[in-house]
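Rule-based calculations on the coordinates, nothing more; no lab input. Predicted model, so just to flag it, every value in this text is computed and none were measured. Positions of Cβ are backbone-derived with ideal geometry, glycine not excepted, and every protein chain shown enters the neighbour counts.
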Number of protein chains: 2
Amino acid sequence: METSDNATPSTEATPAPTGIAAQDWATASADPNYRAAVVDLLGALAYGELAAFERLAEDAKLAPTLADKAELAKMASAEFHHFEQLRDRLAAIGAEPTEAMDPFVAALDGFHKQTAPSDWLEGLVKAYVGDSIASDFYREVAARLDSDTRSLVLAVLDDTGHASFAVEKVRAAIEADPRVGGRLALWARRLMGEALSQSQRVVADRDALSTMLVGGVADGFDLAEVGKMFSRITEAHTKRMAALGLAA
Amino acid sequence: METSDNATPSTEATPAPTGIAAQDWATASADPNYRAAVVDLLGALAYGELAAFERLAEDAKLAPTLADKAELAKMASAEFHHFEQLRDRLAAIGAEPTEAMDPFVAALDGFHKQTAPSDWLEGLVKAYVGDSIASDFYREVAARLDSDTRSLVLAVLDDTGHASFAVEKVRAAIEADPRVGGRLALWARRLMGEALSQSQRVVADRDALSTMLVGGVADGFDLAEVGKMFSRITEAHTKRMAALGLAA
């Protein structure tokens with residue numbers, strides 16, 4: 001996972017830490033619903049990192065040069081170290097990492113299966129779009145988490161360097177052949193559609209996580225707020241696509 | 001790359017450091033032939049690690065459980081960090097890492113293409129057999145290298161934990177179904193055959209490396225010695241296969 005380097009959602013709507021956001025894990029986890037929601041969140045994030053590792057390692061095979069291959073392998077390795085941090089944290093709070101990840105395997109594998117890139121550029125766009133959206137989402141959620149979980153989530157969202165690498169390579173390819181832009185714009189739209197459909201599946205399945213997202217457990221989240229969050233994420237996506245030279 | 005945990009070649013024939021083995025890089029590299037041979041060796045090893053990263057990441061997809069998947073991803077990541085050390089060393093001695101690796105891409109890719117595992121167990125046996133043979137070979141060569149290069153080569157051959165993991169899983173599978181042993185024994189023989197044929201290709205192509213191996217540059221290596229080295233490696237392979245429950 002990584003930051004989007006030139007278009008992040010506005011954080012104006014994020015309130016100063018109050019309620020759970022002002023608490024540490026020891027205090028916040030006394031609420032079993034909050035605890036279950038955090039285990040879900042870390043499980044989803046952990047499997048996301050493991051799947052990202054696999055995807056980047058797979059993309060490395062499509063790399064046109066040895067230097068590009070090494071660059072992708074480096075990012076894959078960074079994702080794996082994020083996975084380790086999340087798995088260790090799950091174990092530290094007494095959750096079985098594999099059990100915590102299991103509920104998210106089908107949705108993430110489904111997403112990757114439906115969106116297997118057919119070439120190097122599609123792989124770069126997918127990694128960039130997918131990681132940016134996931135990163136925006138987790139940043140929004142992080143603001144509502146207890147301080148300990150928030151620090152961890154923000155740490156594993158640290159830029160692995162993929163964003164600027166992908167932007168540079170994709171822009172160069174579009175400059176060299178503008179028709180590539182049309183194909184990749186369609187591809188990015190398909191990725192966004194698949195990501196939304198798999199997210200809905202996860203939200204529908206996971207009660208604790210959904211309850212946290214629409215309020216009731218963590219602070220400041222109600223349905224209207226979730227709607228605004230999705231608007232901010234979609235808007236940031238559109239800006240990123242424009243920066244890439246693609247119409248979203 | 002990793003150590004073989006229960007069968008290493010005898011080191012009786014290894015002489016105490018003399019000649020180049022008693023020198024550091026600054027002294028030894030004054031000989032341009034020796035320098036070229038080391039660049040070849042580090043290039044081959046670096047691309048071997050990058051290819052091992054890809055292979056392990058690929059095998060992770062075949063893992064029967066999430067825990068097995070995470071274990072393979074961890075090993076892949078360790079191979080990548082070995083690659084980084086070798087690439088950085090090549091750069092530090094003024095060699096272009098990509099150029100140093102290029103001559104070995106075809107042979108290593110050829111090996112991996114000819115020996116794509118069809119399931120999880122074949123992948124484990126391949127990683128174990130391939131890494132053990134490579135590790136035995138580099139350890140033999142390391143004893144003849146200057147002290148700085150030797151330290152690096154031995155460091156990247158550090159056990160990534162794959163050997164004991166593979167041995168445990170393969171033995172359990174053979175105990176559960178002895179017919180698996182016959183299939184895997186054939187597979188291991190095919191791997192050894194492919195590895196030898198690709199090594200011959202590399203040795204035939206790379207003058208500096210071959211000259212170092214058969215004496216003339218580094219100490220203690222002549223054709224008879226190379227023959228003995230291959231015997232030791234083959235013998236260690238046979239012992240490892242027996243430990244795994246396979247007839248070599």
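Quick look at the numbers
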quantity	calculated
Pair list, Cβ < 9 Å and 6+ apart or interchain, from the range B:70-89 residues that are within 14 Å of B:Gly161 (Cα to Cα) to residues that are basic (Lys, Arg) and buried (at least 24 other Cβ atoms within 10 Å of the Cβ)	B:Ala70/A:Arg87; B:Ala76/B:Arg55; B:Glu79/B:Arg55
Residue within the range A:59-75 that is at the interface with another protein chain (Cβ under 10 Å from one of its Cβ atoms), touching a helix residue (DSSP H, G or I) at 6+ places or on another chain (Cβ under 6 Å) and farther than 30 Å from B:Asp102 by Cβ present	no
Complete set of residues in the range B:87-139 that are within 11 Å of chain A (Cβ to nearest Cβ) and either surrounded by 19 or more Cβ atoms within 10 Å (Cβ to Cβ) or in a helix (DSSP H, G or I) (or both)	B:Arg87, B:Pro97, B:Thr98, B:Glu99, B:Ala100, B:Met101, B:Asp102, B:Phe104, B:Val105, B:Asp109, B:His112
Residue list for the range A:125-170, restricted to those being among the charged types (D, E, K, R) and over 10 Å from the mean Cα position of the chain (by Cα)	A:Lys126, A:Glu140, A:Arg144, A:Asp146, A:Asp148, A:Arg150, A:Asp158, A:Asp159, A:Glu168, A:Lys169
Residue in the range B:144-152 that is closer than 22 Å to B:Leu196 by Cα, touching a helix residue (DSSP H, G or I) at 6+ places or on another chain (Cβ under 9 Å) and either in a helix (DSSP H, G or I) or away from every other protein chain (no Cβ under 14 Å) (or both) present	yes
Check on A:Ala63, part of a helix (DSSP H, G or I) and either crowded, with 23+ Cβ neighbours inside 10 Å or not basic (Lys, Arg) (or both)	no
Residues satisfying the stated conditions in the range B:31-49, i.e. within 19 Å of B:Asp88 (Cβ to Cβ) and more than 16 Å from the chain's Cα centre (by Cα)	B:Arg35, B:Val39
Complete set of residues in the range A:37-54 that are facing chain B (nearest Cβ under 10 Å) and not aliphatic (A, V, I, L, M)	A:Tyr47, A:Glu49, A:Phe53, A:Glu54
Verdict on B:Phe80 being crowded, with 17+ Cβ neighbours inside 10 Å, in a helix (DSSP H, G or I) and more than 11 Å from chain A (Cβ to nearest Cβ)	no
Some residue of the range B:161-174 being within 19 Å of B:Ala44 (Cα to Cα) and outside any loop (DSSP other than H, G, I, E, B)	no
Qualifying position, being surrounded by 15 or more Cβ atoms within 10 Å (Cβ to Cβ), free of Cβ contacts under 8 Å to residues at least 40 places away in the same chain and within 24 Å of B:Ser231 (Cα to Cα), among B:Ala163, B:Ala195, B:Ala142, B:Ala185	B:Ala142
Pairs, first on the phi > 0 side of the Ramachandran plot in the range B:23-39, second surrounded by 14 or more Cβ atoms within 10 Å (Cβ to Cβ) and charged (D, E, K, R), C-beta under 8 Å, six or more apart	none
Qualifying residue in the range A:135-153 (condition: under 17 Å from A:Met241 (Cβ atoms) and among the small types (Gly, Ala, Ser))	yes
One residue from A:Arg206, A:Arg171, A:Arg201, A:Arg150 being under 21 Å from A:Ala22 (Cβ atoms) and either loosely packed, with under 15 Cβ neighbours inside 10 Å or not hydrophobic (A, V, I, L, M, F, W, C) (or both)	A:Arg150
